[in-house]
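The values are calculated or read from the model by the stated rules, or taken from the named source; none is laboratory data. A quick note: this is a predicted structure, and the numbers were derived from the prediction, not measured. Ideal geometry is used to build each Cβ from the backbone, glycine not excepted, and the neighbour counts take in all protein chains shown.
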Amino acid sequence: MNDVLARLRELQAADLPVHGGRTLAYVYDSGLAEVDEVARAAVAAYAGSNGLDPTAFPSLLAMENDLVGFAADLLDAPSSAVGTATSGGTESVLLAVQSARDGAPGVERPNMVLPSTIHAAFFKAAHYFGVEARVAPVGADFRADVEAMAALVDDSTVLVAGSAPSYAHGVVDPITELAAMAAGRGIRFHVDACIGGWVLPYAARLGRDVPGWTFAVPGVTSISVDLHKYGYTPKGISLLLHRDPALRRSQYFAHADWPGYTMLNSTLQSTKSGGPLAAAWAVVQQLGNAGYERLTADVFAAVDAIVAGVARIPHLRVVAAPDSTLVALGTDETCDPFTICDEMAAAGWFVQPQMAFGGHPATIHLSVSAATLGAVDDFLAALVAAVDNAVAAGPVGVDPEVVAFIEALDPTALSDADFDGLLAASGLIDASAGGDLEVPDRMAEVNAMLDVASPRMREALLVAFLDRLQRPRR
Ligand SMILES: *Cc1c(COP(=O)(O)O)cnc(C)c1O
């Protein structure tokens with residue numbers, strides 16, 4: 001057994017660290033060892049429990065109801081509110097869209113109206129559930145444009161949504177105005193608070209200026225909030241809350257017309273591990289409101305220090321004053337975000353590149369964790385050095401031949417041969433290594449190449465890339 005676990009640790013050494021506050025996307029670190037310990041023990045204790053049937057595992061139902069109750073208080077929900085534990089933000093969003101669609105069975109060709117900054121999960125929902133995504137451009141401040149969204153609403157609109165905050169820019173949409181607009185037309189309004197939902201309420205309690213976005217806002221009918229982000233719980237848990245049970249009814253799926261058990265599900269999954277739910281319950285019990293308040297004070301101290309520090313770094317700027325714990329950084333023309341990301345990675349910091357979008361150039365995303373506070377001076381020093389190196393190297397360029405090659409490709413019909421040609425041209429395939437695909441250490445050239453591609457082309461290229469990565473070892 002020790003041998004297998006040693007091999008596991010060896011494999012894991014290649015991954016981004018989940019502790020230490022130096023990974024500024026994908027993971028959220030409280031920095032509290034005792035919280036991680038409780039979480040791990042709870043995952044282990046419940047790894048084999050099955051959330052399929054709450055009557056067979058009543059402890060899972062009890063923990064789910066506790067968590068939803070805690071969240072309902074946090075999100076100013078009325079006593080009528082109900083909720084469901086899901087596997088993550090994407091599943092919460094999928095179910096919000098699905099329940100809105102199926103809550104309006106008379107609508108033949110349903111649509112939903114979204115700001116262009118809404119999370120990609122809504123487009124996945126559109127794709128899976130056949131709900132047309134109508135996208136309105138956002139304002140110059142990256143917040144949803146209420147007028148532009150109102151103009152897209154019609155009799156077939158089953159859902160309007162906004163973010164608290166948006167992932168890419170970290171700003172909260174004008175939820176009060178959007179919810180009023182939707183309510184005035186009898187349409188459901190969802191707040192995607194997947195990333196902000198567990199931190200903004202505490203920020204407000206700490207006296208920070210947070211615009212209204214919870215169930216206290218009239219017209220908000222559902223909210224998604226992830227525990228596996230700023231709840232600092234292990235991966236695999238989010239909550240979807242509805243203002244009342246009638247709004248949730250269409251989320252349920254039941255099927256009795258087969259020879260097995262009557263399938264009865266509140267989520268997309270049927271059999272599901274009790275581990276993430278038990279871990280979230282345990283962490284929330286342990287931290288409680290007081291613990292989250294302290295973690296929120298820490299994470300905002302880190303955010304404020306980063307914003308102030310960036311203001312002193314030439315060539316770098318904060319794209320939008322953050323409403324929450326997410327910061328987008330932009331550069332001037334002397335350097336580029338992708339090279340800075342590579343330089344930061346070489347210094348032991350993961351920061352996430354974001355491609356150009358809607359006429360705005362590429363940026364760097366930071367999801368700041370409470371644990372980042374203790375390392376914030378190191379972070380700023382690393383950033384200064386990374387920008388210096390990126391300016392010295394100059395902005396990364398893309399070979400005009402590669403640009404021409406990409407522009408000539410049809411994203412709807414990308415063949416294996418096209419893909420091979422592109423990989424070879426971009427240097428992603430090492431021909432001397434037998435044509436094996438390897439993720440390179442430095443990604444700036446690849447990111448710059450993707451950045452010049454259209455979104456459709458980028459999707460096609462990355463799907464082809466992932467398809468090549470996911471090949472069995474035999
Ligand atoms: C993370 C996130 C999601 C999706 O959540 P996953 O847990 O990654 O599935 C949805 N919306 C926003 C704003 C997010 O930040």
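A few points about this structure:
- Hits in region 272-298 (condition: surrounded by fewer than 19 Cβ atoms within 10 Å (Cβ to Cβ) and hydrophobic (A, V, I, L, M, F, W, C)): ALA290, ALA297
- Test for GLY69: is it surrounded by 19 or more Cβ atoms within 10 Å (Cβ to Cβ), small (Gly, Ala, Ser) and either modelled with pLDDT of 95 or more or within 16 Å of the ligand (Cβ to nearest atom) (or both): no
- Residues satisfying the stated conditions in region 108-132, i.e. aliphatic (A, V, I, L, M) and either buried (at least 16 other Cβ atoms within 10 Å of the Cβ) or not assigned by TED's automatic domain parsing to the domain that holds ALA72 (or both): MET112, VAL113, LEU114, ILE118, ALA121, ALA125, ALA126, VAL131
- Test set (1) under 13 Å from LEU75 (Cα atoms); (2) surrounded by fewer than 17 Cβ atoms within 10 Å (Cβ to Cβ) - ARG208 fails condition number: (1)
- Only residues that are surrounded by 14 or more Cβ atoms within 10 Å (Cβ to Cβ), of a type outside the set (A, V, I, L, M, F, W, C) and touching a strand residue (DSSP E or B) at 6+ places or on another chain (Cβ under 9 Å) were counted in region 1-44, giving 5.
- Within region 138-174, the set of residues being more than 16 Å from the ligand (Cβ to nearest atom), farther than 30 Å from PRO105 by Cβ and among the hydrophobic types (A, V, I, L, M, F, W, C) comprises ALA140 only.
Rundown of residues vs (1) buried (at least 21 other Cβ atoms within 10 Å of the Cβ); (2) more than 24 Å from the chain's Cα centre (by Cα); (3) not polar (S, T, N, Q), yes/no style:
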{"position": "PHE350", "(1), (2), (3)": "no, no, yes"}
{"position": "ALA356", "(1), (2), (3)": "no, no, yes"}
{"position": "THR363", "(1), (2), (3)": "yes, no, no"}
{"position": "VAL384", "(1), (2), (3)": "no, yes, yes"}
{"position": "ASN389", "(1), (2), (3)": "no, yes, no"}
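- Residue within region 75-94 that is free of Cβ contacts under 8 Å to residues at least 60 places away in the same chain, away from the ligand (no atom under 12 Å from the Cβ) and surrounded by 23 or more Cβ atoms within 10 Å (Cβ to Cβ) present: no
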